[in-house]
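Step one of this worksheet: look at the structure below.
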Amino acid sequence: MKIEIIKCLQDNYSYMIIDEKTQIACVVDPSEAAPIINFLNGKKITLKYILNTHHHFDHIGGNIELKKKYNSEVVGFKGDRDRIPKIDTLLDDNQIWKRDNFEAKIYHIPGHTKGHIAFHFFNEKKIFTGDTLFSLGCGRIFEGTYNQMFSSLNRIKKLPGNTEIYCGHEYTLKNSDFCLANDSENTKLKEKIIKIKEKIKNNLPTLPTILSDELECNIFLKAKDVKSFSKLRDLKDNF
Ligand code: ZN
Ligand code: FE
């Protein structure tokens, strides 16, 4: 299984998950159709599945056009059936989604939105976290509660440390300022920031990140309880 990172809109990432044996692919959160079509042009890849982490326009914007062009199956959370355009397959919390050679566990992780999910490709140790967990940050709480977001992040924290995390946006550098401001003695964080700046300088994505790094460097994952988490989230909103 190979992952290609496709830049969309201002700072979004869509991810093409390609099974190299069959050349069948899934796209995660196509913000817009054009960059996805450009990527597929001239390749013998079949875009069979569109996987949506949540209903925000910058994660579903390409659904209609891509489904029309490639006859792909749109896959998303059952609770968002009325908000995800052209949804075909309705997913539930803790369900295993299995098609062709793809196998992912679904985590319902509300907070950013009520129906946010993550796709965990557990065999390959890769998780697509949309706008819930970012590198060195987490999503804004729009529809859910602090409690929900805190427990959603806690579910991700329990995965194996070497899990690769694919997030919905390139927010890493901006997030690192906030982590550093609140955790200025963290040498591991400072080392990570050097690597992040190197990547940005070379116009490379800072993603995926590794869960073990995030556990040590991401101030939101270091919060011991929902009270301190909420305080951090509020501070970040005004940072
Ligand atoms: Zn969002
Ligand atoms: Fe987003």
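The values are calculated or read from the model by the stated rules, or taken from the named source; none is laboratory data. Computed from a predicted structure; not experimentally measured. Note: ideal-geometry Cβ built from the backbone for every residue, glycine included; neighbour counts use all protein chains shown.
Conditions tested, residue by residue: (1) hydrophobic (A, V, I, L, M, F, W, C); (2) within 19 Å of the chain's Cα centre (by Cα).
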| residue | (1), (2) |
| --- | --- |
| Gly42 | no, no |
| Ile45 | yes, no |
| Tyr49 | no, yes |
| Ile60 | yes, yes |
| Lys78 | no, yes |
| Asp82 | no, no |
| Asp88 | no, no |
**Study point:** Residues that are in contact with a Ser or Thr (Cβ under 7 Å, 6 or more places away or on another chain) and buried (at least 22 other Cβ atoms within 10 Å of the Cβ), drawn from the stretch 135-152
**Key:** Ser135, Leu136, Cys138, Gly139, Ser152
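Every residue, every condition in (1) on the phi > 0 side of the Ramachandran plot; (2) part of a loop (DSSP other than H, G, I, E, B); (3) touching a helix residue (DSSP H, G or I) at 6+ places or on another chain (Cβ under 7 Å); (4) in contact (Cβ under 8 Å) with a residue 60 or more places away in the chain, yes or no:
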{"position": "Pro30", "(1), (2), (3), (4)": "no, yes, yes, no"}
{"position": "Ile36", "(1), (2), (3), (4)": "no, no, yes, no"}
{"position": "Phe39", "(1), (2), (3), (4)": "no, no, no, no"}
{"position": "Lys43", "(1), (2), (3), (4)": "no, yes, no, no"}
Exercise for review: Determine if the stretch 230-239 includes at least one residue that is surrounded by fewer than 17 Cβ atoms within 10 Å (Cβ to Cβ), assigned to a loop (DSSP other than H, G, I, E, B) and out of contact with any helix residue (DSSP H, G or I) (no Cβ under 6 Å at 6 or more places or on another chain).
Suggested key: yes
Review point. When only residues in the stretch 48-72 that are part of a helix (DSSP H, G or I), touching a Lys or Arg at 6+ places or on another chain (Cβ under 9 Å) and not aliphatic (A, V, I, L, M) count, which is nearest to ligand 2 (Cβ to nearest atom)?
Key: Asn63
Review point. Of the residues Asp58, Asp29, Asp92, Asp11, which is away from ligand 1 (no atom under 16 Å from the Cβ), closer than 27 Å to Ile156 by Cα and among the charged types (D, E, K, R)?
Key: Asp92
Check your understanding: Quick one: would you say His112 is within 12 Å of ligand 1 (Cβ to nearest atom) and not aromatic (Phe, Trp, Tyr)?
Key -> yes
Review point. For Thr206, which of the numbered conditions (1) among the β-branched types (Val, Ile, Thr); (2) crowded, with 19+ Cβ neighbours inside 10 Å; (3) part of a helix (DSSP H, G or I) fails to hold?
Key: (3)
Practice item. With the checklist (1) under 12 Å from the mean Cα position of the chain (by Cα); (2) within 16 Å of ligand 2 (Cβ to nearest atom); (3) surrounded by 23 or more Cβ atoms within 10 Å (Cβ to Cβ) in hand, flag the one item Glu170 doesn't pass. Key: (3)
Review point. If you check His120 against the conditions, is it buried (at least 17 other Cβ atoms within 10 Å of the Cβ), of a type outside the set (Phe, Trp, Tyr), assigned by TED's automatic domain parsing to the domain that holds Asp11 and touching a residue at least 60 places away in the same chain (Cβ under 8 Å)?
Key: no
Check your understanding: With (1) of a type outside the set (Phe, Trp, Tyr); (2) more than 16 Å from ligand 2 (Cβ to nearest atom); (3) more than 19 Å from Phe121 (Cβ to Cβ) as the list, and Thr163 as the residue in question, which single condition is left unmet?
Key -> (3)
Check your understanding: How many of the residues in the stretch 178-196 are within 17 Å of Thr209 (Cα to Cα) and of a type outside the set (Val, Ile, Thr)?
Key -> 7
Practice item. State all residues of the stretch 92-115 that are buried (at least 23 other Cβ atoms within 10 Å of the Cβ) and touching a strand residue (DSSP E or B) at 6+ places or on another chain (Cβ under 6 Å); if no residue qualifies, say none. Key: Ala104, Ile109, Gly115
